[in-house]
1. Quick one: is Trp112 at pLDDT below 95, under 19 Å from Val2 (Cβ atoms) and touching a Cys at 6+ places or on another chain (Cβ under 8 Å)?
2. Somewhere in the stretch 88-99, is a residue within 16 Å of Val5 (Cα to Cα) and at pLDDT below 95?
3. Collect the residues in the stretch 94-111 that are assigned to a strand (DSSP E or B), surrounded by fewer than 18 Cβ atoms within 10 Å (Cβ to Cβ) and either touching a residue at least 40 places away in the same chain (Cβ under 8 Å) or in contact with a helix residue (DSSP H, G or I) (Cβ under 9 Å, 6 or more places away or on another chain) (or both), keeping them in residue-number order.
4. So which residues in the stretch 31-42 are under 24 Å from Ala14 (Cα atoms) and open to solvent by 20 Å² or more (accessible area, probe 1.4 Å)?
5. How many of the residues making up the stretch 24-70 are aromatic (Phe, Trp, Tyr) and free of Cβ contacts under 8 Å to residues at least 40 places away in the same chain?
6. Please go through the stretch 45-80 and pick out each residue that is part of a strand (DSSP E or B) and among the polar types (S, T, N, Q).
7. Six or more apart or on different chains, Cβ under 8 Å: which pairs go from a residue in the stretch 1-21 that's touching a residue at least 24 places away in the same chain (Cβ under 8 Å) to one that's among the acidic types (Asp, Glu) and open to solvent by less than 30 Å² (accessible area, probe 1.4 Å)? Could you list them?
Amino acid sequence: QVQLVESGGGLVQAGGSLRLSCATSGVTFRHNSMGWFRQAPGKEREFVAYITVGGGITYYADSVKGRFTISRDNAKNTWYLQMNSLKPEDTAIYYCAAKPKNYYYVDAYEYWGQGTQVTVSS
């Protein structure tokens, strides 16, 4: 059974940092691109960041560019989202996703985690 499990979410003050992790099991994603999305209350799920198989190419949403960094450790079947300079508007449930046909669209990803809550207080 394929599983993507996010961790690392929590409550943090504005300006603080968190690092999210996404561990995979059941199948290796070493040969697949991966992404992070988020969904705030009352809003649609939106793209946050993307990384290619080798990690050489990354894309970010404009709202997080310069503050968030996506990375991966293929040996551990885990990828990460380092979030710095957090803002209250970053509050959302964060999801990891794998094996996309297109990096940007929610429907393009084949596998999803269950999400982890990130709350940024002002």
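The values are calculated or read from the model by the stated rules, or taken from the named source; none is laboratory data. Here the structure is a predicted model, which means the values were calculated and not measured. All Cβ positions, glycine included, derive from the backbone under ideal geometry; neighbour counts span all protein chains shown. Please note that ligands, DNA and RNA were not included when accessible areas were found on the heavy atoms of the full protein model with its side chains. Shrake-Rupley method; radii C 1.70, N 1.55, O 1.52, S 1.80 Å.
1. It is false that Trp112 is at pLDDT below 95, under 19 Å from Val2 (Cβ atoms) and touching a Cys at 6+ places or on another chain (Cβ under 8 Å).
2. yes
3. Lys99
4. Gln39, Ala40, Pro41, Gly42
5. 2
6. Thr58, Thr69, Ser71, Thr78
7. Close Cβ pairs satisfying both conditions: Leu20/Glu6; Ser21/Glu6.
Let's see how each residue does on (1) at positive phi; (2) out of contact with any Leu (no Cβ under 7 Å at 6 or more places or on another chain); (3) surrounded by fewer than 18 Cβ atoms within 10 Å (Cβ to Cβ):
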{"residue": "Glu44", "(1), (2), (3)": "no, yes, yes"}
{"residue": "Gly54", "(1), (2), (3)": "no, yes, yes"}
{"residue": "Val64", "(1), (2), (3)": "no, yes, no"}
{"residue": "Arg67", "(1), (2), (3)": "no, yes, yes"}
{"residue": "Asn74", "(1), (2), (3)": "no, yes, yes"}
{"residue": "Met83", "(1), (2), (3)": "no, no, no"}
{"residue": "Lys87", "(1), (2), (3)": "no, yes, yes"}
